[in-house]
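Peer 1: Take this structure first; my questions come after.
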Amino acid sequence: MTKSKKVDLILLIIYPFSASITAFLFNINFFFSVLVFLGVPSVFLSLRAKEYVGHTLIFSLILAIPFAIILNYISHITNTWLIRYSILSIRLFGYVTIDVIIWSVFLVYFPIMFYRYFFAETVPSKLYVRNTTSLIILLVFLMFIFLILLVFSPNYLQIPYFYLLYGTVFELIPLSIVCFLFSKIRYPFIMTGFYFSVFNLLYEITAVKLRMLEFPSEGKFVGWVSFLGISLPFEEFFFWIILGAPTILSWFVLFGEERKKFFGTEA
């Protein structure tokens, strides 16, 4: 790692602590927390690694938007997690706010840019690669099933232990596949995961303390984790704070530009 990248890493390590202090000082709302916690470091990495911006942004939009709609709708109707307040009145399907979608795009974009800037060995050759088409087909299929159930059988979307099911299928499985097949990916995944575990924990504490994010007690969880005066579902701690960033990277390895490095092909 070059000296300039080491300095950048130190700045990024310090930043979430200053972001949390800023959030408490100004009592910011959810939308501004997205800009403060995720927007600023994302812009910083974009300026530092402009060659990665185009492909990473396209991939982030493709992956984040369908998942944001499906996950946040089901989470609200099942009382898994709630983001009650939005600066915008528009709510897709009655629950999903625009700022949640923006948040979700940054949640994908920031970890991938972090990984690519500090650990990637190659520069992307294209804005769009063929294997991303497979991801689009998968997401279109998931959206189709979601819309069919929403219109004709909405009760089927009342999924018990939804967070556990989602985390197992869409996090543990792809992450396990990537880590099992590609041993050399483990170190950058672990290092990126460690950074974002601390980052996500600070963001989570801030969001819960300022009531941007809530986990209703009637939601079905396997257990609770308590620290620093807050209580989180075990699923939130495990699937998001610990595994969130590595999971996003696993999707990127399977369906993004990074696939070429491990599979030797875009197909």
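The values are calculated or read from the model by the stated rules, or taken from the named source; none is laboratory data. From a predicted model like this one, the values you see are computed outputs, not experimental measurements. Quick reminder, even Gly has a Cβ in these numbers, built from the backbone with ideal geometry, and neighbours come from all protein chains shown.
Peer 1: Does Ile14 satisfy being at pLDDT 95 or above, under 25 Å from Ser250 (Cβ atoms), among the β-branched types (Val, Ile, Thr) and in a helix (DSSP H, G or I)? Steps first, please.
Peer 2: Numbers: at pLDDT 95 or above: yes; under 25 Å from Ser250 (Cβ atoms): no; among the β-branched types (Val, Ile, Thr): yes; in a helix (DSSP H, G or I): yes.
No, not satisfied.
Peer 1: Quick one: which residue in Val129, Val108, Val100 is modelled with pLDDT under 95, within 23 Å of Ile28 (Cα to Cα) and either over 18 Å from the mean Cα position of the chain (by Cα) or not basic (Lys, Arg) (or both)?
Peer 2: Every option except Val100 fails the conditions.
Peer 1: For segment 32-53, indicate whether the set of residues that are free of Cβ contacts under 8 Å to residues at least 24 places away in the same chain and of a type in the set (Ser, Thr, Tyr) is non-empty.
Peer 2: Looking through segment 32-53, none of the residues is free of Cβ contacts under 8 Å to residues at least 24 places away in the same chain and of a type in the set (Ser, Thr, Tyr).
Peer 1: All but one of (1) in a helix (DSSP H, G or I); (2) surrounded by 13 or more Cβ atoms within 10 Å (Cβ to Cβ); (3) out of contact with any Pro (no Cβ under 8 Å at 6 or more places or on another chain) hold for Ile28, so report the exception by its number.
Peer 2: (1)
Peer 1: Would you point out the residue of segment 164-185, among those that are more than 14 Å from Phe238 (Cα to Cα) and polar (S, T, N, Q), that is surrounded by the most Cβ atoms within 10 Å (Cβ to Cβ)?
Peer 2: Filtering first and then ranking leaves Ser176.
Peer 1: I'd like the residue in segment 165-185 that is among the polar types (S, T, N, Q) and farther than 16 Å from Phe252 by Cβ and, out of all such residues, is farthest from the chain's Cα centre (by Cα).
Peer 2: The initial filter retains those residues of segment 165-185 that are among the polar types (S, T, N, Q), namely 168, 176, 183.
Next, from what is left, pick out any that are farther than 16 Å from Phe252 by Cβ: 168, 183.
Numbers: Thr168: 15, Ser183: 23 Å.
Out of the qualifying residues, it is Ser183.
Peer 1: As an exercise: evaluate Gly54 against (1) more than 15 Å from the chain's Cα centre (by Cα); (2) of a type outside the set (Asp, Glu); (3) in a helix (DSSP H, G or I); (4) under 26 Å from Leu201 (Cβ atoms) and give the number of the one condition it does not meet.
Peer 2: So the condition that Gly54 fails would be (4).
Peer 1: Hey, another quick one. Those residues that are acidic (Asp, Glu) and under 16 Å from Phe110 (Cβ atoms), I need them from segment 166-207; list them, please.
Peer 2: The one that is acidic (Asp, Glu) and under 16 Å from Phe110 (Cβ atoms): Glu204.
Peer 1: For segment 220-243, which residues satisfy the criterion of being of a type outside the set (Phe, Trp, Tyr), surrounded by 15 or more Cβ atoms within 10 Å (Cβ to Cβ) and not in a strand (DSSP E or B)?
Peer 2: Lys220, Glu235, Glu236, Ile241, Ile242, Leu243
Peer 1: In segment 94-124, what residues are assigned to a loop (DSSP other than H, G, I, E, B) and buried (at least 18 other Cβ atoms within 10 Å of the Cβ)?
Peer 2: The answer is Ala120, Pro124.
Peer 1: Filter segment 186-201 down to the residues that are within 15 Å of the chain's Cα centre (by Cα) and among the aliphatic types (A, V, I, L, M), then identify the one that is surrounded by the most Cβ atoms within 10 Å (Cβ to Cβ). Explain how you work it out, then say what you get.
Peer 2: Start the filter on segment 186-201 by keeping residues that are within 15 Å of the chain's Cα centre (by Cα), which leaves 189, 192-201.
After this cut, where a residue has to be among the aliphatic types (A, V, I, L, M) as well, the list is 198, 201.
Values: Val198: 13, Leu201: 19.
Only one residue fits best here, namely Leu201.
Peer 1: Here's another thing I want to ask about it. Please name all residue pairs, on different chains or six or more residues apart, with Cβ atoms under 8 Å, provided the first residue is in segment 1-14 and is within 18 Å of Phe196 (Cβ to Cβ) and the second residue is loosely packed, with under 13 Cβ neighbours inside 10 Å and not charged (D, E, K, R).
Peer 2: Listed pairs, sorted by first residue: Leu9/Met1.
Peer 1: Taking into account only those residues within segment 244-267 that are surrounded by fewer than 21 Cβ atoms within 10 Å (Cβ to Cβ) and not in a helix (DSSP H, G or I), which is modelled with the lowest pLDDT?
Peer 2: Selected residue: Ala267.
Peer 1: Mind checking whether some residue in segment 79-93 is at pLDDT below 95 and assigned to a helix (DSSP H, G or I)? Let's see the steps before the verdict.
Peer 2: Taking segment 79-93 first, the residues at pLDDT below 95 are 79-93.
From what is left, the residues that are assigned to a helix (DSSP H, G or I) are none.
Checked against the condition, which is being at pLDDT below 95 and assigned to a helix (DSSP H, G or I), segment 79-93 yields no hits at all.
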